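J.: Once you've had a glance at the structure underneath, I'll fire off some questions.
Just so it is clear, none of the values below were taken in a lab; they were calculated from the coordinates. The shown structure was predicted, so the numbers you read here are calculated from the model rather than taken from an experiment. As a convention, Cβ positions derive from the backbone with ideal geometry for all residues, glycine included, and neighbour counts pool all protein chains shown.
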Amino acid sequence: MRYLGGKGKMTQHIVKAIDDCCRGVESILDVFGGSGIVSQAFKQRGLRVISNDCLYFSYCLLRGITALNHAPSNHSQLLKQLNDIDCTNLRELPFIAENYSPNDGIGRMFFTHQNALKMDAVRQQIEQWKTIGAIDEDTYYYLLASLISAIPFVANITGTYAAYLKYWDKRAHKALTLLPCDVIDNGKENIAMNVDFAEVLKTPTDIVYADPPYNSRDYLSNYHLLETIALYDNPEIKGTSGVRVQRREKSVFCSKRYVESAFETLINSCSSHYVIISYNNEGLMDSNRLADMCRDYALPGTFVLREFDYRRYKNKIPNNNAGLREQLFIFEKR
């Protein structure tokens, strides 16, 4: 999945940091789980994983993939039924098709009308199966994770859902297809959570890994469509992109005014032995100040800062990588 600030290219460095700096660890808390790609790497490493995100669509990915050790036994049959679903007889109004695809050439161009109708049909069918008890909770979230994972491959966007293209990208003409999710068996009891970062820090683990937002861009506005498909709650929407009318405050990590106190809360409140923080040198929080804060909480001599060249998210901008460094702040907590 294409994800703002995704750590696909950083996972090897994060896992190596654990191997180099953390001794005798068996469990890890991924505070801002996002797409789940780093949590999956932790599972591959053999750690018990508690993964969390305050956004519901991210929770669906974490609950339906990371928290499981095996795909549901009947997942192939269910995915085939969803891929072959009849989109002409929906149980409810097609909220996605009506609001995020053009009909007779009029409307937002996030998806072709056929793909949007299929999203509505699939989402309604999954909910119906859950309501009548035809599937259990593991299967419910596995199927939602498969649907959410499939959407970026047919979305008419450059990367996020803050805006759609004014022409049809060839990707958008592909048929929406749900594929099996890659579930890793680490033999451990993994957990997914959907709470605020301050609340999840109460969960005891050997390591806390935190990858908070770096700048003022709010994840909900950038991924509002995935959130709406996951919740399927027919929300009040507004604007050219049909974003959800927010009922919550923006993350404190997205505020220049509150970001320092947010990091103080993050580091002070966690009960783990080791802390690993992903950030970059262009974030709202000054890197030198963050390093000093980590040293204040670290056992003497344990703080390590590792830096890596990293491609900026907007990778079509010429010479856009100059000076950008992805950072890992690693230390053993006092």
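J.: For the range 208-225, enumerate the residues that are of a type outside the set (S, T, N, Q), closer than 28 Å to Cys270 by Cβ and under 15 Å from the mean Cα position of the chain (by Cα).
T.: Tyr209, Ala210, Asp211, Pro212, Pro213, Tyr214, Arg217, Asp218, Tyr219, Leu220, Tyr223
J.: OK, next. Spot the failing condition for Ser221; the list is (1) of a type in the set (Ser, Thr, Tyr); (2) under 30 Å from Asp292 (Cβ atoms); (3) part of a helix (DSSP H, G or I), and only one is missed.
T.: (2)
J.: Can you pull out the helices (runs of 4 or more DSSP H) entirely within the range 1-113 that have at least 1 residues that are over 29 Å from Ala298 (Cβ atoms)?
T.: Here the list reads 56-61, 75-83, 95-100.
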